[in-house]
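Asks: Below you will find the structure I want to go over with you.
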Amino acid sequence: FVFTTNYFPWLTIIVFLPISAGSLLFFLPHKGNKLIKWYTICICIFELLLTTYAFCYHFRLDDPLIQLAEDYKWINFFDFYWRLGIDGLSIGPILLTGFITTLVTLAAWPVTRDSRLFHFLMLAMYSGQIGSFSSRDLLLFFIMWEFELIPVYLLLSMWGGKKRLYSATKFILYTAGGSVFLLIGVLGLGLYGSNEPTLNFETLANQSYPVALEIIFYIGFLIALAVKSPIIPLHTWLPDTHGEAHYSTCMLLARILLKMGAYGLVRINMELLPHAHSIFSPWLIIVGTMQIIYAASTSLGQRNLKKRIAYSSVSHMGFIIIGIGSITDTGLNGAILQIISHGFIGAALFFLAGTSYDRMRLVYLDEMGGMAVSIPKIFTMFSILSMASLALPGMSGFVAELIVFFGIITSQKYFLKPKILITFVMAIGMILTPIYSLSMSRQMFYGYKLFNAPSSYFFYSGPRELFVSISIFLP
């Protein structure tokens with residue numbers, strides 16, 4: 001690295017710390033499962049504290065420009081730069097990543113098989129996620145985006161359920177297929193109109209393209225980001241992946257991997273290709289509205305508990321797409337708040353679904369029933385978080401969805417009749433959410449006891465599980 005800044009490289013340290021400290025896991029004693037877990041938790045806590053310190057003392061909230069910027073020449077013959085920087089858009093997802101990953105290391109406590117590799121892959125994901133949220137260079141964004149796929153594939157195929165290889169293969173085919181479009185878009189934007197590749201976000205944001213070319217770029221990026229988001233019809237990998245993955249992997253997928261697609265939509269499609277975005281935004285809103293209705297209806301028909309929660313995630317992503325398509329400050333704020341709010345709610349629901357599976361060994365809703373008596377604390381947390389998921393007033397989900405509603409209603413771009421129609425259909429989606437959410441609680445916790453409980457102590461929630469669920473519940 002050739003340093004071209006006088007500042008302390010906060011972001012480079014924050015990006016590299018998890019994976020470099022995680023690689024030391026392989027030098028720890030073989031029989032030290034507890035040592036490996038404590039070491040991973042310490043790394044995550046230290047990283048979270050470091051990030052929080054850097055953002056509190058070195059990030060000015062009144063400055064709309066990119067801060068903590070770093071720009072180092074990386075690969076000489078290709079003119080490739082290591083450019084990092086954050087603004088108000090990336091600060092939320094980065095802190096969310098740190099907070100939830102720390103709790104995921106606690107949630108993954110029961111994992112004992114190949115414990116070092118498991119924890120190393122989680123830390124590698126951590127680095128990749130922070131790298132993609134703080135990249136200010138298109139090619140660096142693509143590398144971090146791709147770097148994410150390997151740990152997820154291994155976590156799925158090694159620690160998943162019975163159909164883990166099928167779901168891991170489906171995941172990698174979808175996401176790698178989407179990445180081809182991303183790479184073509186990155187190279188097309190970078191090489192357009194000059195012999196020297198221009199990959200800097202700031203330079204590209206000020207560049208103008210012919211409308212036809214901009215539309216082609218937009219479609220390419222949209223396909224790549226739609227797979228990760230996921231936007232229908234490119235969403236079918238998500239329920240399979242969630243249905244088979246270990247619940248700690250589900251937490252990582254639900255709260256960050258899905259959010260990277262939405263972040264990319266704002267960061268690339270909205271910032272770099274504004275004309276094409278204004279052309280496509282009505283279509284985004286239509287797709288988002290269809291997604292809310294479709295995923296909520298499909299969720300109702302799922303027998304598998306984790307798949308039902310996964311479809312609810314797809315439904316909630318519809319609000320983010322509508323917020324991004326509304327082209328208003330309010331709508332965009334609502335979308336970003338929904339990204340963070342759903343990151344907490346989705347992670348918590350998957351965690352509680354996983355802990356109840358650890359006790360009952362039941363995954364199908366029609367086999368469950370009467371669990372509230374045996375696991376009262378999990379039942380209480382699950383009920384509260386289901387309320388947050390269905391956007392009960394006073395919960396973060398309600399605030400996020402309400403701001404998205406305001407964003408679409410106050411948008412100057414659309415006529416009154418389409419706005420009323422879209423809002424009406426979104427409201428139907430918000431009615432469907434309580435139906436699948438509450439019926440899930442009813443099938444799991446109420447009614448008669450359908451299983452034989454081996455011992456009451458076995459079902460009692462431990463302090464670790466209560467700590468994780470309360471830590472997610474408070475924000």
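The values are calculated or read from the model by the stated rules, or taken from the named source; none is laboratory data. Keep in mind that this is a model prediction, so the values were computed, not measured. Here the Cβ positions follow ideal geometry from the backbone for every residue, glycine too, while neighbour counts run over all protein chains shown. In case anyone asks, the SASA skips ligands and DNA or RNA and just uses the protein heavy atoms, side chains included. Shrake-Rupley method; radii C 1.70, N 1.55, O 1.52, S 1.80 Å.
Asks: Residues of the stretch 19-57 being of a type in the set (A, V, I, L, M, F, W, C), closer than 30 Å to ASP329 by Cα and surrounded by fewer than 17 Cβ atoms within 10 Å (Cβ to Cβ), which ones?
Replies: Start the filter on the stretch 19-57 by keeping residues that are of a type in the set (A, V, I, L, M, F, W, C), which leaves 19, 21, 24-28, 35-36, 38, 41-46, 48-50, 54-56.
From the residues that got through so far, the ones that are closer than 30 Å to ASP329 by Cα too are 48, 54-56.
Within the stretch 19-57, just CYS56 meets the criteria.
Asks: Taking the conditions exactly as written (in contact with a Phe, Trp or Tyr (Cβ under 6 Å, 6 or more places away or on another chain) and in a helix (DSSP H, G or I)), does MET251 satisfy them or not? If you could, list the steps in order and put the result at the bottom.
Replies: Values: in contact with a Phe, Trp or Tyr (Cβ under 6 Å, 6 or more places away or on another chain): yes; in a helix (DSSP H, G or I): yes.
So MET251 fits the description; yes.
Asks: If you take the residues in the stretch 150-172 that are open to solvent by 10 Å² or more (accessible area, probe 1.4 Å), touching a residue at least 24 places away in the same chain (Cβ under 8 Å) and part of a helix (DSSP H, G or I), which one is nearest to ASN304 (Cα to Cα)?
Replies: Kept after step one, since they are open to solvent by 10 Å² or more (accessible area, probe 1.4 Å), are these residues of the stretch 150-172: 150, 153-154, 157-166, 169-170, 172.
Right, trim to touching a residue at least 24 places away in the same chain (Cβ under 8 Å) and you get 150, 154, 158-164, 166, 170.
Checking the rest, the ones that are also part of a helix (DSSP H, G or I) come to 150, 154, 158-159, 164, 166, 170.
Working: ILE150: 26, LEU154: 23, MET158: 21, TRP159: 18, ARG164: 15, TYR166: 17, LYS170: 18 Å.
Among them, the one singled out is ARG164.
Asks: When you check ASN206 against the structure, is it open to solvent by 10 Å² or more (accessible area, probe 1.4 Å) and more than 27 Å from the chain's Cα centre (by Cα), yes or no? Write out each step before concluding.
Replies: Numbers: open to solvent by 10 Å² or more (accessible area, probe 1.4 Å): yes; more than 27 Å from the chain's Cα centre (by Cα): yes.
For ASN206, the condition - open to solvent by 10 Å² or more (accessible area, probe 1.4 Å) and more than 27 Å from the chain's Cα centre (by Cα) - is met.
Asks: Still on this structure: Looking only at residues that are part of a helix (DSSP H, G or I), in contact (Cβ under 8 Å) with a residue 12 or more places away in the chain and open to solvent by 10 Å² or more (accessible area, probe 1.4 Å) in the stretch 391-417, which one is farthest from SER313 (Cα to Cα)?
Replies: Result: ILE409.
Asks: Quick one: is THR249 within 21 Å of ILE150 (Cβ to Cβ) and in contact with a Cys (Cβ under 9 Å, 6 or more places away or on another chain)?
Replies: Working: within 21 Å of ILE150 (Cβ to Cβ): yes; in contact with a Cys (Cβ under 9 Å, 6 or more places away or on another chain): no.
When the stated conditions are applied, THR249 does not pass them.
Asks: Return yes or no: is GLY243 farther than 30 Å from ASN76 by Cβ, at pLDDT below 80 and of a type in the set (Gly, Ala, Ser)?
Replies: Considered against the rule, which asks whether it is farther than 30 Å from ASN76 by Cβ, at pLDDT below 80 and of a type in the set (Gly, Ala, Ser), GLY243 comes out as yes.
Asks: Something else: Which of (1) of a type in the set (D, E, K, R); (2) within 23 Å of THR97 (Cβ to Cβ); (3) open to solvent by 40 Å² or more (accessible area, probe 1.4 Å) does GLU70 not meet, given it meets every other one?
Replies: Answer for GLU70: the failing condition is (3).
Asks: Just give me the residues in the stretch 222-256 being surrounded by fewer than 24 Cβ atoms within 10 Å (Cβ to Cβ) and touching a strand residue (DSSP E or B) at 6+ places or on another chain (Cβ under 9 Å), in sequence order.
Replies: Of everything in the stretch 222-256, just one residue is surrounded by fewer than 24 Cβ atoms within 10 Å (Cβ to Cβ) and touching a strand residue (DSSP E or B) at 6+ places or on another chain (Cβ under 9 Å), namely GLY243.
Asks: Is the stretch 369-384 home to any residue that is open to solvent by less than 10 Å² (accessible area, probe 1.4 Å) and without any contact (Cβ under 8 Å) to a residue 60 or more places away in the chain?
Replies: Checked against the condition, which is being open to solvent by less than 10 Å² (accessible area, probe 1.4 Å) and without any contact (Cβ under 8 Å) to a residue 60 or more places away in the chain, the stretch 369-384 yields no hits at all.
Asks: Looking at the stretch 60-100, which of its residues are part of a loop (DSSP other than H, G, I, E, B) and touching a Leu at 6+ places or on another chain (Cβ under 9 Å)?
Replies: Applying the first criterion (part of a loop (DSSP other than H, G, I, E, B)) to the stretch 60-100 yields 60-66, 76-79, 87.
If the condition is that a residue be part of a loop (DSSP other than H, G, I, E, B) and touching a Leu at 6+ places or on another chain (Cβ under 9 Å), then PHE78, ASP79, ASP87 are the ones that fit.
Asks: Is it true that GLY343 is closer than 30 Å to SER278 by Cβ, in contact with a Gly (Cβ under 6 Å, 6 or more places away or on another chain) and either crowded, with 24+ Cβ neighbours inside 10 Å or free of Cβ contacts under 8 Å to residues at least 12 places away in the same chain (or both)?
Replies: Numbers: closer than 30 Å to SER278 by Cβ: yes; in contact with a Gly (Cβ under 6 Å, 6 or more places away or on another chain): no; either crowded, with 24+ Cβ neighbours inside 10 Å or free of Cβ contacts under 8 Å to residues at least 12 places away in the same chain (or both): yes.
The answer is no for GLY343.
Asks: Then there's this: From PHE201, PHE181, PHE217, grab the single residue that is open to solvent by less than 50 Å² (accessible area, probe 1.4 Å), free of Cβ contacts under 8 Å to residues at least 60 places away in the same chain and of a type in the set (Phe, Trp, Tyr).
Replies: Working: PHE201 fails: free of Cβ contacts under 8 Å to residues at least 60 places away in the same chain; PHE181 fails: open to solvent by less than 50 Å² (accessible area, probe 1.4 Å).
Step by step, each of PHE201, PHE181, PHE217 is checked, and only PHE217 is open to solvent by less than 50 Å² (accessible area, probe 1.4 Å), free of Cβ contacts under 8 Å to residues at least 60 places away in the same chain and of a type in the set (Phe, Trp, Tyr).
Asks: Being open to solvent by 10 Å² or more (accessible area, probe 1.4 Å) and polar (S, T, N, Q) narrows it down to one residue among THR97, THR102; which is it? It would help to see each step written out before you state the result.
Replies: Numbers: THR97 fails: open to solvent by 10 Å² or more (accessible area, probe 1.4 Å).
From the options THR97, THR102, the qualifying one is THR102.
Asks: Moving on. Quick check on the stretch 134-141. Is at least one of its residues under 18 Å from LEU258 (Cα atoms) and outside any helix (DSSP H, G or I)? Break it down stepwise before answering.
Replies: First, pick out the residues of the stretch 134-141 that are under 18 Å from LEU258 (Cα atoms): 134-135, 141.
From the residues that got through so far, the ones that are outside any helix (DSSP H, G or I) too are 135.
Yes, there is a match, as at least one residue in the stretch 134-141 is under 18 Å from LEU258 (Cα atoms) and outside any helix (DSSP H, G or I).
Asks: Let me ask something else. Can you name the condition, by its number, that ARG60 falls short on among (1) basic (Lys, Arg); (2) open to solvent by 20 Å² or more (accessible area, probe 1.4 Å); (3) within 25 Å of GLU148 (Cβ to Cβ)?
Replies: (3)
Asks: Could I ask something else about it? Only one residue in GLU146, GLU70 is charged (D, E, K, R) and touching a Pro at 6+ places or on another chain (Cβ under 6 Å). Which one? Please lay out each step first, then the result.
Replies: On the way: GLU146 fails: touching a Pro at 6+ places or on another chain (Cβ under 6 Å).
That would be GLU70, the only listed residue that is charged (D, E, K, R) and touching a Pro at 6+ places or on another chain (Cβ under 6 Å).
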